[in-house]
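Following: one structure in structure tokens, then a few remarks.
The values are calculated or read from the model by the stated rules, or taken from the named source; none is laboratory data. None of these values were measured; they are calculated from a predicted model. Cβ placement follows ideal geometry from the backbone for every residue including glycine, while neighbour counts extend to all protein chains displayed.
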């Protein structure tokens, strides 16, 4: 399982996010299906999470919930 570190520009600044390759693939699929750029999805998750929460973890939970609720079907 490869871990990939990427920089995503949200709210005018670069934010480093580290996710396993599988999560990146599903996040890209969500982006394509919802017709929203990854940076927009990440920005929305960043705004919703508690300040002390980790953004990469918030993305993993979002991806997991998207798979579980069948929103990618």
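Scoring residue 68 on the criteria (1) out of contact with any helix residue (DSSP H, G or I) (no Cβ under 9 Å at 6 or more places or on another chain); (2) surrounded by 14 or more Cβ atoms within 10 Å (Cβ to Cβ) leaves a single failure, condition (2).
Taken over the range 1-26, the residue count meeting the criterion of being out of contact with any helix residue (DSSP H, G or I) (no Cβ under 7 Å at 6 or more places or on another chain), within 17 Å of residue 61 (Cα to Cα) and in a strand (DSSP E or B) is 2. For residue 60, the stated conditions do not hold, so it cannot be described as surrounded by 12 or more Cβ atoms within 10 Å (Cβ to Cβ), assigned to a loop (DSSP other than H, G, I, E, B) and at pLDDT 95 or above. Within the range 38-52, how many residues turn out to be in a loop (DSSP other than H, G, I, E, B) and exposed (fewer than 13 other Cβ atoms within 10 Å of the Cβ)? Adding up the residues that qualify gives 3.
The criterion of being surrounded by 11 or more Cβ atoms within 10 Å (Cβ to Cβ), part of a helix (DSSP H, G or I) and touching a helix residue (DSSP H, G or I) at 6+ places or on another chain (Cβ under 8 Å) does not hold for residue 29. When residue 35 is tested against (1) more than 12 Å from the chain's Cα centre (by Cα); (2) loosely packed, with under 11 Cβ neighbours inside 10 Å; (3) at pLDDT below 95, only condition (3) is not met.
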